[in-house]
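Okay, so here's the structure we're looking at.
Just so it is clear, none of the values below were taken in a lab; they were calculated from the coordinates. Not measured: the values here are computed from a predicted model. In this analysis, Cβ positions are derived from the backbone assuming ideal geometry, glycine residues included, and neighbour counts consider all displayed protein chains.
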Amino acid sequence: MKVIIVGTAYPYRGGLSAFNERLAYEYLQRGDEVEIYTFTLQYPSFLFPGKTQYSDEPAPKGLTIHRRINSINPFNWLKTGREIARKRPDLLITKFWLPFMAPCLGTIERRVRRNGHTRIVSILDNIIPHEHRPGDRIFALYFVRSTDAFVAMSRSVLDDLNLFDTKKPRRFCPHPLYDHYGDILPKEEARRMIGIDTDGRYVLFFGFIRSYKGLDLLLDAMADPRIAQRDIRLIVAGEFYGDPKPYMEQIERLGIADRIKLCTDFIPDSQVNRYFCAADLVAQPYKSATQSGVTQIAFHFEKPMLVTDVGGLAEIVPDGKIGYVVQPDAHQIADAIVRYYDEQREVPFTEAVRDEKQKYSWDKMVEAIGTRELKAETTCNQQSQL
């Protein structure tokens, strides 16, 4: 097939780029022709909460990436849509994560579908955003109406899609593994690389720090006397997407600074394996969620997880088998961390993660997206969601 992916890619950084590029590689491995159309301007600078949108790592090898899309210029959307339409791809795949992008992506899709050939499938991170803004519903509806079919990576997003459409084909397929962040390192080696004690007890919080991700709950849990007595420490690895001051004040107020390792710059792809391999347990204390790429990185590095029972996180972390599922509550988070160490669950959980991760392959995502002709309304494991 000829496949075009529209969305974030190099030189932009982060999980969206990682997903689209890894999906492109999967199609290439299958012998398909693949191109990615990405942004010349993704977010206006005043809307971007981080330090920079751009990667300082080398471009991904073997991928054809066109920088064409200006997210705030309607004339550009029409031009880009016409360019893609003339190429007559069999599949156009868009990654949808934020209603702000709906006018841009939806307009490109509308222009492309005029060629009467291309099937348009959207992979939905969210359809209702974590942080609400005026116009979200209208924008999302515009996008949904321009798309032929959908793949949702959590059942909660599949349910949310019903608020906008109940008839178009849709599938559930969990987020595949992020398996391109390097090899699994020995724990002691990884710890030396990031400058922590080689024989300590470490929990990892990884990824962009936003209010809905619940780092404040995890910091409260770290102040629990039982955690302090066991000298359990926390690695916070990821860039602040917001004001860091409340977190710094919380750490100071709780008196836990000596047990917190702050690595709050963006973590380059080439260094991600150091942080995961250094940890005993990966914590995702989210207050709201759909799915998370952090979970799939943890699977790749065979790390047990502690997640909260929000969105789709509990769908792929079987409680008591590969980790713990708790409510977004500091006491419950502390309870689970204490149980993990007191009951010596690292070895059995790690072995179970090694088995469980086999479910989350990229070929299953490609099968869920399907071909240009496919119209069946099933999930990637053949269980109907309609």
Measuring from its Cα centre, the chain shows a charge dipole (+1 at each Lys and Arg Cβ, -1 at each Asp and Glu Cβ) which, in debye to the nearest 20, is 1880
Assertion target for L78, L204, ordered by fewest C-beta neighbours within 10 angstrom first, is L78, L204
Put in order of increasing Cβ neighbours within 10 Å, starting from the fewest, D90, D231, D280 give D231, D90, D280
One finds the C-alpha centres of the stretch 24-86 and the stretch 91-156 to be spaced, in Å, by 16
Net charge (Lys, Arg +1; Asp, Glu -1) of residues whose beta-carbon lies under 11 Å from that of Y181, Y181 excluded, is -1
With -39,500 (n - 2.57) per DSSP H segment of 4 or more residues and division by the full residue count of the chain, the 222 nm estimate, nearest 500 deg cm²/dmol, is -10500 deg cm²/dmol
Once the mean of 1/r over all distinct C-alpha pairs in the stretch 187-359 is inverted, the Kirkwood radius in Å reads 15.9
Here Rg/Rh (Cα, Kirkwood) for the stretch 1-132 equals 0.94
Computed Rg/Rh for the chain (Cα atoms; Rh = Kirkwood radius) stands at 0.97
Among I120, H132, Y202, the residue whose Cα sits farthest towards the positive end of the charge dipole of the chain, when +1 is placed on the Cβ of each Lys and Arg and -1 on the Cβ of each Asp and Glu, is I120
The stretch 99-165 -> Rg/Rh from Cα coords, Kirkwood Rh, value 0.96
Expressed to one decimal in nm², the mean projection of the alpha carbon convex hull of the stretch 176-230 is 5.6
Going fewest to most other Cβ atoms within 10 Å around each Cβ, T350, T147 line up as T350, T147
